[in-house]
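Only one structure is covered here, and it is reproduced in the block below.
The values are calculated or read from the model by the stated rules, or taken from the named source; none is laboratory data. Model, not experiment: these values are computed from the prediction. Here the Cβ positions follow ideal geometry from the backbone for every residue, glycine too, while neighbour counts run over all protein chains shown. Surface areas here come from the heavy atoms of the whole protein model, side chains and all, with no ligands, DNA or RNA. Shrake-Rupley method; radii C 1.70, N 1.55, O 1.52, S 1.80 Å.
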Amino acid sequence: MENSNRPKIANVYRGTFIHSTQKTALQILEDELLGVDTDGKIAFTGRGTELVRLSQTFGFSPTEVIQLAKHEFFMPGLVDTHIHACQYSYAGTALDMPLLQWLNTYTFPVESHFKDLQFAHKVYSQVVKRTLRNGTTTACYFATIHTDASLLLGKIANDFGQRAFVGKVCMDRNDSVKHYKETNQESQEETCRWNIRILEKIQYPLVRPVVTPRFALSCTGALLGQLGAIAKNNNLHIQSHISENVEEVNLVKKMFPDSESYTDVYLKHNLLTDKTVMAHGCYLSDEELVLFRETGASLAHCPNSNISLCSGMLNVRNVLNHKVKLGLGTDVAGGYSASMLDAVRRALDTSKILTIQNPEYKTLSFEEVFRLATLGGSQALSLDDQTGNFEVGKDFDALRVNVAAPGGPIDLVQYSNVPLTIYFIFVSVASGLTGDDRNIAEVFVAGKKVVPFTEPTTE
């Protein structure tokens, strides 16, 4: 009788599980059992030797357990803390200019086309499908200034089964592409309409709104203050950019002379909270990182974009030493790849470049970057009570990875006198060093298999 209110077990998996915990950067659990209930939550974990006891306790048949193959493992879904869904249409091109010139020449003209909902539907469907195939179970998206197209992105993400934060971009300053901006009043009213519509869409349980001032240079102080008030009054997440390149930082100083720093601009307008994630942060001072720590705000490290646009390099070790929450982002299309596995590789590369420049720099380990891409991302988005690892009670957001996938990128070679342990094989793939989307056999979000996926039915 005591178990009568417990959700029924939907699936039980047995095999190797890899995840991070608060204390351990990477933990490998071999011959582990994990049960997922009908609500998509992790109901139990345990050793394979406990199968009989667990089956009796949770009411499932041992014959129904799904056994992973020798070269398969489960890992948590990847969390992309910063991606511009609208920029996917030109990803991998137009990387020949620094940030501000790049925005004016390529980005703003392309984003202005998203008032066309047919065009928006095509691009947004492609980016959601591509990121899911690459194992991104949670994405924090920038859309454009167009409310209806932003709502469409939320619908598409939910229909394909991706957990998503979606932000209607707000900007009342744009001297280069004058038709791609809003008035202060329009931005405020449309942000409110956007938030209300998404929060009312209870059929979109995987999608949340996020207040999105593009960055300080695109917004007046009045608009920043209004957006801060909207976020505070509705307890909403916030996303923006900060300290991405030197020219940007210097212009912010000129435009906001009463602020002590770039971080102080956001702080004064109530945009630095424990639900804030700021992209980049390459040039943040130690004093600014202290403000991030004190407010609980997070950073999204976007190494591909930082290098591709010659913006800078984030000292991740310094951020971690300041105990600031940190996740990884692809930052499409400044970053040319929509794969979080690429973000993992670029994070490691950047760390090694910093070590070349300063041999005393402590290079990031594979295990640390794995945690940034999974549990770190969920912490950065204040979702770590719901997802990020395989703790009981969390949603089962997971990737079923096959190291030996037919036609995949990995050739397993075992020399008799050189033991190639399963640990190093799995860490190599899980850290994105050797694997890619071909190794991702299945993707689950909240217990539901979303890859391979079926096309959502059109209304």
Check your understanding: Quick check, is Lys253 in a helix (DSSP H, G or I), open to solvent by 60 Å² or more (accessible area, probe 1.4 Å) and touching a residue at least 40 places away in the same chain (Cβ under 8 Å)?
Key -> no
Check your understanding: Somewhere in the range 75-97, is a residue surrounded by fewer than 18 Cβ atoms within 10 Å (Cβ to Cβ) and touching an Asp or Glu at 6+ places or on another chain (Cβ under 7 Å)?
Key -> no
Exercise for review: Could you grab the pairs with beta carbons closer than 8 Å, sequence gap of 6+ or different chains, first residue in the range 18-36 and more than 19 Å from Thr374 (Cα to Cα), second one surrounded by fewer than 21 Cβ atoms within 10 Å (Cβ to Cβ) and basic (Lys, Arg)?
Suggested key: Asp31/Arg14; Asp31/Arg47; Glu32/Arg14; Glu32/Arg47; Leu33/Arg14; Leu33/Arg47
Point to revise | Residue list for the range 259-283, restricted to those being open to solvent by 80 Å² or more (accessible area, probe 1.4 Å) and either in contact with a helix residue (DSSP H, G or I) (Cβ under 8 Å, 6 or more places away or on another chain) or within 17 Å of Ile230 (Cα to Cα) (or both) | key: Lys268, Asn270, Asp274, Tyr283
Study note, to complete from the structure: Residue set Thr387, Thr350, Thr363, Thr330; condition not aliphatic (A, V, I, L, M) and not in a loop (DSSP other than H, G, I, E, B); output residue Thr350
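Each row is one residue, and each column tells you yes or no for (1) more than 20 Å from the chain's Cα centre (by Cα); (2) under 30 Å from Arg47 (Cα atoms); (3) of a type in the set (D, E, K, R).
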{"residue": "Leu68", "(1), (2), (3)": "yes, yes, no"}
{"residue": "Phe74", "(1), (2), (3)": "no, yes, no"}
{"residue": "Ala94", "(1), (2), (3)": "yes, no, no"}
{"residue": "Pro109", "(1), (2), (3)": "yes, no, no"}
{"residue": "Ser112", "(1), (2), (3)": "yes, no, no"}
{"residue": "Asp116", "(1), (2), (3)": "yes, no, yes"}
{"residue": "Ala120", "(1), (2), (3)": "yes, no, no"}
{"residue": "Leu151", "(1), (2), (3)": "no, no, no"}
Review point. Of the residues Leu354, Leu341, Leu372, which single one is surrounded by fewer than 24 Cβ atoms within 10 Å (Cβ to Cβ), among the aliphatic types (A, V, I, L, M) and touching a residue at least 12 places away in the same chain (Cβ under 8 Å)?
Key: Leu354
Practice item. Just give me the residues in the range 226-250 being over 17 Å from Phe165 (Cβ atoms), among the small types (Gly, Ala, Ser) and open to solvent by less than 30 Å² (accessible area, probe 1.4 Å), in sequence order. Key: Gly228, Ser243
